[in-house]
1. Hey, if you drop one equal point scatterer on each alpha-carbon of the range 1-143 and run the Debye formula without solvent, what base-10 log of I(q)/I(0) do you get at q = 0.14, 0.16, 0.17, 0.21 Å⁻¹?
2. If I ignore ligands, DNA and RNA and count only protein heavy atoms, how much of ILE33 is accessible to a 1.4 Å probe, in Å² to the nearest 10?
3. For the chain, report the accessible area per residue in Å² (1.4 Å probe, heavy atoms, rounded to an integer).
4. What is the distance, in nm, between label points placed 7 Å from the Cα along the Cα-to-Cβ direction at HIS301 and at ARG333?
5. Taking the dipole about the Cα centre of the chain, with the C-beta of Lys and Arg at +1 and of Asp and Glu at -1, give me whichever of PRO28, GLY78, ASN296 is farthest to the positive side.
6. Are any of the pairs LYS24/LYS131; LYS139/LYS341; LYS13/LYS131 more than 31 Å apart by Cα-Cα distance, and if so, which?
7. Work through the residues other than ILE49 whose Cβ is under 9 Å from its Cβ and net out their charges, Lys, Arg +1 and Asp, Glu -1.
8. With springs connecting C-alpha atoms under 10 Å apart, model the chain as a Gaussian network and identify which of GLU165, GLU198, GLU82 has the largest mean-square fluctuation.
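The values are calculated or read from the model by the stated rules, or taken from the named source; none is laboratory data. Since this is a predicted model, take the numbers as computed values, not measurements. Cβ atoms come from the backbone with ideal geometry, glycine included; neighbour counts cover every protein chain shown. For accessibility, only protein heavy atoms count, side chains too; no ligands or nucleic acids. Shrake-Rupley method; radii C 1.70, N 1.55, O 1.52, S 1.80 Å.
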Amino acid sequence: MPFVAESQTRLIKILITSPFIEYKAYRPLSDVIAGTIISELKRTGGMEIIDREKAEQYLIDRGLAPWVESREMAFELGEALEADIVIFSTIKKQYDNFLFNIIFLEIDRDIIQRNIRGSFRVSESASAIGKVVKEKMQKLLDYIPTPSELNDPGAMLREKTVNPEKLPTSITLEDIPQIDRFGYIEQIFSYYRVFPGEIEYQKFEQQDTINKLQFREELDEELTDILNKFYVYGDFAIRHNLQAYLIKDCSMQAINILLANKIPVLYIEGILVGYSNLTPGGFCIFKTIDKRHVENYELTHRKRVAVMFIVPKIGRRMGFSKEYLEYAVGFYRDELGKTPKLVEIKDSMFDIISNSLK
């Protein structure tokens, strides 16, 4: 039989440029920083590192200095060398310290995912400088796409769901990342491996509260504030191709089903990321994203008036169809005998949502 060769999965191509320096005397420092970045990426594996010398030669051939100091130059260099990601950096001396920036640029979408700043004393040894840079690199590694994400095999992904009648007794979402600069919403997005970029998060932080809700007897100030906050979350989610839903008449078991499907659940007091010791009668202890424990009787009907979750669309990693979500959420009624229903967050729909939460 003839030998059948399987095609190799395309690896992420990353270019690490020589850091921008003010004086040539700082060149040994730039070599330490660039070398540490490269060694950390090679240690992580699963990617192709483009030779730094190719980038330097490209710039020298154009009559430029052999380093990158701007986003525009990094983008041009990345396209020329067919890189998926360019990591460029700068070094500047300030009194008795050296200040450095490490910038992560995604070429395909022209998005800066992170700008990491750090410093070290002028008297530090090369090994001490490498240790500082290594610690900073840990904040960038999560943003490097996997080969499967780069190839986008979305059509091959199957929806993996849980039977509402056979829920596990305990579940914890282990892959939730640590909180970073942009709070809970970034944790959820990173959990789904959706990285909008630093500028998008800054716009999100600066976004004013959307006052589409009118005060009514059933919507006091606290509830109005949380629903406005959820709307901002949902608007940010749908702008980045995710689904966002509120749950009307949410039951305790609906939350269990979502968590069993590894979906974080937002409610008035925080985010639920797991439960333990689920009994046939429905009692359990919930776990929050900030490592607190909440017994389910503490989730009163009022606290479940505003319940929200965000998920990818079907065909993407950890994606769910709306049909399954409606079936799963509505499987168990609440304590008042009402069937939970999904209310999808869409642009210009929040006034409808407020009416549905009477």
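1. Reported log10 I(q)/I(0), two decimals: -0.64, -0.82, -0.92, -1.36.
2. Taking all protein chains as shown, ILE33 has close to 0 Å².
3. Values: 18620 Å² over 358 residues.
Here the per-residue accessible area is 52 Å².
4. Result: 1.3 nm between the two label points.
5. Going by the charge dipole, the pick is ASN296.
6. Checking Cα-Cα distances, LYS139/LYS341 exceed 31 Å.
7. On the way: positive: LYS13, LYS42, ARG52; negative: GLU48, ASP51.
So the environment of ILE49 carries a net charge of +1.
8. Most flexible of the set in this elastic network: GLU165.
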